[in-house]
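The values are calculated or read from the model by the stated rules, or taken from the named source; none is laboratory data. Predicted model, so just to flag it, every value in this text is computed and none were measured. Here the Cβ positions follow ideal geometry from the backbone for every residue, glycine too, while neighbour counts run over all protein chains shown. Ligands, DNA and RNA are stripped out before the accessible areas are found, and what is left, the full protein with its side chains, is counted by its heavy atoms. Shrake-Rupley method; radii C 1.70, N 1.55, O 1.52, S 1.80 Å.
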Amino acid sequence: MEYERILNTIETEVFNKPYLGKVASYIPELAKIDSKKFGMHLYCSNSGHYSFGDSEERFSIQSISKVFGLTMAMSELGDELFNRVDVEPSGDPFNSLVQLECENGIPRNPFINAGALVICDILISKLKNPKKEFLDFIHQITETNTITINKRVFTSEKTHSHRNAALLNLMKSFGNIKNDIETVLDFYTYQCAIEMSCKELSTAFMIYANSGKQLSNNQQILSSRAVKRINAIMQTCGFYDEAGEFSFRVGLPGKSGVGGGIVAIHPGQYSVSVWSPPLNPKGNSELGMYALERLTTLTGLSIF
């Protein structure tokens with residue numbers, strides 16, 4: 001596959017395409033990001049790395065971190081995990097309280113905020129040092145030890161986490177949060193504030209494209225059975241109430257974040273990351289979705 005030529009085409013199209021999206025402002029520190037930033041990085045299992053733009057500049061991964069949290073929790077609990085969080089698409093905004101109330105404190109899936117908060121609660125119960133072990137896991141799958149959090153984003157997000165605190169309190173009233181609410185909120189905000197580049201995200205997500213193995217050393221990080229489950233949840237739930245649209249337009253499992261990042265994988269083929277801060281009304285990167293749609297159109301390949 002001529003990925004270099006295809007990415008060159010996407011680069012030309014993206015930088016000439018008008019957009020209506022707005023940079024996330026409910027976390028004040030994110031509102032300061034240059035809206036014109038754009039990076040794309042594709043990591044092919046056969047031919048290596050391809051990229052353009054700001055692909056090596058780190059940005060706040062936000063909800064993309066939920067995939068890493070789910071991975072660690074599944075390694076600890078296996079399918080027992082799904083007694084506390086479901087695997088169905090939400091169809092509602094990612095921070096909905098109404099749905100959680102109707103479903104007795106069991107989040108619809110691990111990628112809405114309520115579900116990710118339950119995952120954090122589980123990891124706090126299971127790990128001796130959750131923050132360190134979470135970051136160590138990312139260092140392992142990226143083979144990069146310099147990745148860390150943006151402290152300004154962490155403080156800004158923590159200060160404006162009232163709705164997440166409400167989700168935690170509601171779930172605790174149903175008995176689905178076991179640890180101190182402030183502790184869970186702190187850990188959740190920490191993982192969202194981690195900064196990675198498109199290249200680092202593509203490298204990390206290669207385990208989901210490569211049956212749970214690191215491509216560079218063939219080390220088995222996760223069972224193929226767990227990878228199947230995580231990829232399925234990414235396909236149906238990775239884009240909040242726009243998951244169907246992403247499947248329709250792009251046709252790959254993936255995960256977005258309000259920092260403007262999107263990561264997607266083609267099993268056995270590649271992992272690909274894009275970063276463009278302006279978000280559409282559903283909270284997903286407007287130009288990022290366009291670029292990935294063009295990728296699967298120009299290659300003629302998706303999982304369907």
Confirm whether LYS228 is out of contact with any helix residue (DSSP H, G or I) (no Cβ under 9 Å at 6 or more places or on another chain) and at pLDDT 95 or above. yes
Mind checking which helices (runs of 4 or more DSSP H) fall wholly inside segment 134-220 and carry at least 3 residues that are surrounded by fewer than 21 Cβ atoms within 10 Å (Cβ to Cβ)? 151-159, 162-173, 181-192
Is there a residue in segment 63-85 that is in contact with a Ser or Thr (Cβ under 6 Å, 6 or more places away or on another chain) and farther than 27 Å from ILE147 by Cα? no
Under the condition of being closer than 20 Å to ILE233 by Cα and at pLDDT below 95, which residue from segment 269-283 is surrounded by the fewest Cβ atoms within 10 Å (Cβ to Cβ)? LYS282
Can you name the residue in segment 46-74 that is within 15 Å of VAL263 (Cβ to Cβ) and of a type in the set (Gly, Ala, Ser) and, of all such residues, is most open to solvent (accessible area, probe 1.4 Å)? SER51
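Output the residues belonging to segment 22-67 that are assigned to a strand (DSSP E or B), more than 25 Å from LYS158 (Cα to Cα) and polar (S, T, N, Q).
SER51
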Of the numbered conditions (1) touching a Leu at 6+ places or on another chain (Cβ under 8 Å); (2) open to solvent by 60 Å² or more (accessible area, probe 1.4 Å); (3) of a type in the set (A, V, I, L, M), LEU298 satisfies every one except a single condition; which is it? (1)
Residue list for segment 47-65, restricted to those being in contact (Cβ under 8 Å) with a residue 12 or more places away in the chain and more than 15 Å from the chain's Cα centre (by Cα): SER47, HIS49, TYR50, SER51, PHE52, GLY53, ASP54, SER55, GLU56, GLU57
Look at GLU88 and say whether it is assigned to a loop (DSSP other than H, G, I, E, B), more than 30 Å from ASN218 (Cα to Cα) and in contact (Cβ under 8 Å) with a residue 60 or more places away in the chain. yes
Quick check on LYS128: is it more than 22 Å from the chain's Cα centre (by Cα) and under 30 Å from ASN217 (Cα atoms)? yes
Mind checking whether some residue in segment 168-181 is modelled with pLDDT of 95 or more, under 20 Å from the mean Cα position of the chain (by Cα) and of a type outside the set (Asp, Glu)? no
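Conditions (1) out of contact with any strand residue (DSSP E or B) (no Cβ under 7 Å at 6 or more places or on another chain); (2) under 20 Å from SER25 (Cα atoms); (3) without any contact (Cβ under 8 Å) to a residue 12 or more places away in the chain, marked per residue:
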position: GLY254; (1), (2), (3): no, no, no
position: GLY257; (1), (2), (3): yes, yes, no
position: ILE262; (1), (2), (3): no, yes, no
position: ILE265; (1), (2), (3): no, no, no
position: LEU279; (1), (2), (3): no, yes, no
position: THR296; (1), (2), (3): yes, no, no
position: THR299; (1), (2), (3): yes, no, no
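Among the residues of segment 75-84, write down those that are open to solvent by 60 Å² or more (accessible area, probe 1.4 Å) and over 14 Å from ILE230 (Cα atoms). Don't jump to the end; show me each part of the working.
Of all residues in segment 75-84, those open to solvent by 60 Å² or more (accessible area, probe 1.4 Å) come to 75-76, 79-80, 83.
Selection gives GLU76, GLU80, ASN83.
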Among the listed residues PHE187, PHE137, PHE111, PHE205, identify the single one that is touching a Cys at 6+ places or on another chain (Cβ under 7 Å) and under 30 Å from ASN46 (Cβ atoms). PHE111
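Yes/no per residue for (1) touching a residue at least 12 places away in the same chain (Cβ under 8 Å); (2) closer than 22 Å to PHE82 by Cα:
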| site | (1), (2) |
| --- | --- |
| MET196 | yes, no |
| LEU201 | yes, no |
| GLN214 | yes, no |
| GLN220 | no, no |
| ALA226 | yes, yes |
| ARG229 | yes, yes |
